[in-house]
Amino acid sequence: NSNRPNADISHVYRGTFIHSTQQTALQILEDTLLGVDTDGKIAFIEKGAELNQLSQIFGFNPSEVTQLAQHELFMPGLVDTHIHAPQYCYAGTALDMPLLQWLNTYTFPVESRFKDLEFAHRVYTQVVQRTLRNGTTTACYFATIHTDASLLLGQIANDFGQRALVGKVCMDRNNSVKHYKETNQESQEETCRYYLMVQKNTKTPVVTPRFAPSCTGALLGQLGAIAKNNNLHIQSHISENVEEVKLVKELFPESESYTDVYHKYNLLTDKTVMAHGCYLTDAELALFRETGASLSHCPNSNISLCSGMLDVRNVLKHKVKLGLGTDVAGGYSASMLDAVRRALDTSKVLTIQDPEYETLTFEEVFRLATLGGSHALSLDDQTGNFEVGKDFDALRVNVAAAGGPIDMIQFSDSEAQFQLTKDLRQDETGLNRPVSARLKPADDVAAT
Ligand code: GUN
Ligand code: FE
């Protein structure tokens, strides 16, 4: 019981709250009171019966408490630990090739178009609006190599009230597209310009080497140094596909493993998140554990590009931090609820292959999508569940609503006040599917 009786209360909610803790994958708190202070932080979370006592301690009027309906609940905002914002414009298409071919054929040509800020503005507005509508209150984005468009993505996310970690992508080799390439020097200089601009606006930059095959060892080393000297977040891809792992072996013959490549260049820290990791060995997982680096499990992408299947149980056994990611557009869905379903499916396929396999439970996967993601992005002191002192970052779910069950209430950096967004709809693949005529997926997708 660590209430903060000095807090100035701005909102109090009463009803059902569900969330995860380190100890409990899914905790259901019925008839519970949650108070939010004027900074958007949780001041108390207590049994409903304590109302009178709490109102005296915190000095709020019990008649101003917002009572949730029977069919409503609060859950923490969903955390997408890995999503490519520019790729949203071709999500749901172009999934007929394995990773390396797919990058050269579809991804690089599309990403090169984000030099055009107007195009970037259009797509980035759509991806932020859509992911918010799907309940993603925190997203860790890859942008493109273009610094100004990457800054724009951060600005758009901020304006809509999404907590976004954004990386300007770095790549100085092995690119099929002539104009979508940086020299080593450009990549370094633009990374520095980028992170200084982002930090000036008190937002969160992410040092983003695309993946080892796209970067020379020299660039990886320089990016590792920039991250280390400025204590920055880092994101990249690792061990997604067999061909890629083989290529990394060829490109970095001196390294013991794919993980060792990043480790050598100081890119594995407790602020690092690496996507996929399907083919990591136990020794590599141990190195993740040692360095505090985390993994982003992207099951839709892993299946859609026929990349592989992450053995989540083994990752958890190694106590490696783990969140879920949509990996749009390798993954065709921008919804974290989809990621939850695919994570369960993948675990069940592993169980089909080996009946002894300990299948993930939906409670565990719920935790990966919320607290796990928050932990993986080193945001767990701020978000991920309903603990006193954290930001009240929540989805208000109406399981009975015909028009769309998710309302979102989120602390917004830019306005330092609560936003209550009423017109959110559950994603189009949702279990509590709204009337389909009310959904507008098609007009969200830019023609490419
Ligand atoms: N590896 C390097 N770049 C990418 C990308 O854009 N998507 C996926 N899924 N894997 C990658
Ligand atoms: Fe990716």
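Considering only residues of the stretch 330-360 that are in a loop (DSSP other than H, G, I, E, B) and under 23 Å from Asn385 (Cα atoms), which is nearest to ligand 2 (Cβ to nearest atom)?
This residue is Ala334.
Here's the yes/no breakdown for (1) within 16 Å of ligand 2 (Cβ to nearest atom); (2) touching a Gly at 6+ places or on another chain (Cβ under 8 Å); (3) not acidic (Asp, Glu):
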{"position": "Ala85", "(1), (2), (3)": "yes, no, yes"}
{"position": "Tyr90", "(1), (2), (3)": "yes, no, yes"}
{"position": "Gln101", "(1), (2), (3)": "yes, no, yes"}
{"position": "Glu111", "(1), (2), (3)": "yes, no, no"}
{"position": "Lys115", "(1), (2), (3)": "no, no, yes"}
{"position": "Val128", "(1), (2), (3)": "no, no, yes"}
{"position": "Phe142", "(1), (2), (3)": "yes, yes, yes"}
{"position": "His146", "(1), (2), (3)": "no, no, yes"}
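In the stretch 210-228, which residues are of a type outside the set (Phe, Trp, Tyr), within 16 Å of ligand 2 (Cβ to nearest atom), within 13 Å of Val261 (Cα to Cα) and part of a loop (DSSP other than H, G, I, E, B)?
Within the stretch 210-228, Cys215 is the sole residue that qualifies.
As an exercise: evaluate Val206 against (1) closer than 29 Å to Gln382 by Cβ; (2) without any contact (Cβ under 8 Å) to a residue 24 or more places away in the chain and give the number of the one condition it does not meet.
All conditions pass for Val206, except number (2).
Filter the stretch 251-262 down to the residues that are surrounded by 18 or more Cβ atoms within 10 Å (Cβ to Cβ) and part of a helix (DSSP H, G or I) and list them by number.
Tyr258, Thr259, Val261, Tyr262
Inspect the stretch 342-359 for any residue being of a type in the set (A, V, I, L, M, F, W, C) and farther than 28 Å from Gln87 by Cα and give the result as yes or no.
Yes; the residues of the stretch 342-359 include at least one that is of a type in the set (A, V, I, L, M, F, W, C) and farther than 28 Å from Gln87 by Cα.
Just one of (1) under 14 Å from Gly77 (Cα atoms); (2) surrounded by fewer than 22 Cβ atoms within 10 Å (Cβ to Cβ) trips up Tyr357, so point out which.
(1)
So which of Val198, Val207, Val177, Val128 is under 22 Å from the mean Cα position of the chain (by Cα) and within 16 Å of ligand 1 (Cβ to nearest atom)?
The unique qualifying residue is Val207.
When the residues of the stretch 156-165 are narrowed to those that are outside any loop (DSSP other than H, G, I, E, B) and touching a residue at least 60 places away in the same chain (Cβ under 8 Å), which ends up surrounded by the fewest Cβ atoms within 10 Å (Cβ to Cβ)?
Asp159
Might you check whether a residue that is assigned by TED's automatic domain parsing to the domain that holds Thr107 and part of a helix (DSSP H, G or I) occurs anywhere in the stretch 166-181?
No, that holds for no residue.
Wholly within the stretch 40-120, which strands (runs of 3 or more DSSP E) include no fewer than the required count, namely at least 3 residues that are within 24 Å of the chain's Cα centre (by Cα)?
Strands (runs of 3 or more DSSP E) meeting the threshold: 72-76, 78-84.
Residues being of a type in the set (Ser, Thr, Tyr) and away from ligand 1 (no atom under 14 Å from the Cβ): count how many of those fall in the stretch 272-308.
4
Inside the stretch 80-101, can you point out the residues that are more than 8 Å from ligand 1 (Cβ to nearest atom) and out of contact with any strand residue (DSSP E or B) (no Cβ under 6 Å at 6 or more places or on another chain)?
Scanning the stretch 80-101 gives Pro86, Cys89, Tyr90, Gly92, Thr93, Ala94, Leu95, Asp96, Met97, Pro98, Leu100, Gln101.
Looking at the stretch 229-254 only, could you name the residues that are within 16 Å of ligand 1 (Cβ to nearest atom) and under 17 Å from Ala376 (Cβ atoms)?
Ile234, Gln235, Ser236, His237, Ile238, Ser239, Glu240
Pick out, from the stretch 263-329, the helices (runs of 4 or more DSSP H) lying fully within it that include 2 or more residues that are within 16 Å of ligand 2 (Cβ to nearest atom), under 23 Å from Asp345 (Cα atoms) and modelled with pLDDT of 95 or more.
Helices (runs of 4 or more DSSP H) meeting the threshold: 299-304.
Please list, ordered by first then second residue, the pairs with beta carbon atoms under 7 Å, 6 or more apart or interchain, first in the stretch 184-199 and in contact (Cβ under 8 Å) with a residue 24 or more places away in the chain and surrounded by 14 or more Cβ atoms within 10 Å (Cβ to Cβ), second part of a helix (DSSP H, G or I) and small (Gly, Ala, Ser).
Listed by first residue and then by second, the contacts come to Asn184/Ala218; Tyr194/Ser150; Val198/Gly154.
I'd like to know if the stretch 84-94 contains one or more residues that are under 30 Å from Phe392 (Cβ atoms), touching a helix residue (DSSP H, G or I) at 6+ places or on another chain (Cβ under 7 Å), of a type in the set (Phe, Trp, Tyr) and not assigned by TED's automatic domain parsing to the domain that holds Glu244.
no
Has the stretch 361-378 got any residue that is closer than 24 Å to Phe108 by Cβ, hydrophobic (A, V, I, L, M, F, W, C) and within 16 Å of ligand 2 (Cβ to nearest atom)?
no
Inspect the stretch 132-155 for any residue being free of Cβ contacts under 8 Å to residues at least 40 places away in the same chain, of a type in the set (Val, Ile, Thr) and either more than 16 Å from ligand 1 (Cβ to nearest atom) or out of contact with any Pro (no Cβ under 8 Å at 6 or more places or on another chain) (or both) and give the result as yes or no.
Scanning the stretch 132-155 turns up no residue that is free of Cβ contacts under 8 Å to residues at least 40 places away in the same chain, of a type in the set (Val, Ile, Thr) and either more than 16 Å from ligand 1 (Cβ to nearest atom) or out of contact with any Pro (no Cβ under 8 Å at 6 or more places or on another chain) (or both).
The values are calculated or read from the model by the stated rules, or taken from the named source; none is laboratory data. This structure is a prediction, so every number in the text was calculated from the model and none was measured. Neighbour counts are summed over all protein chains in view; Cβ atoms, including those assigned to glycine, are modelled from backbone coordinates with ideal geometry.
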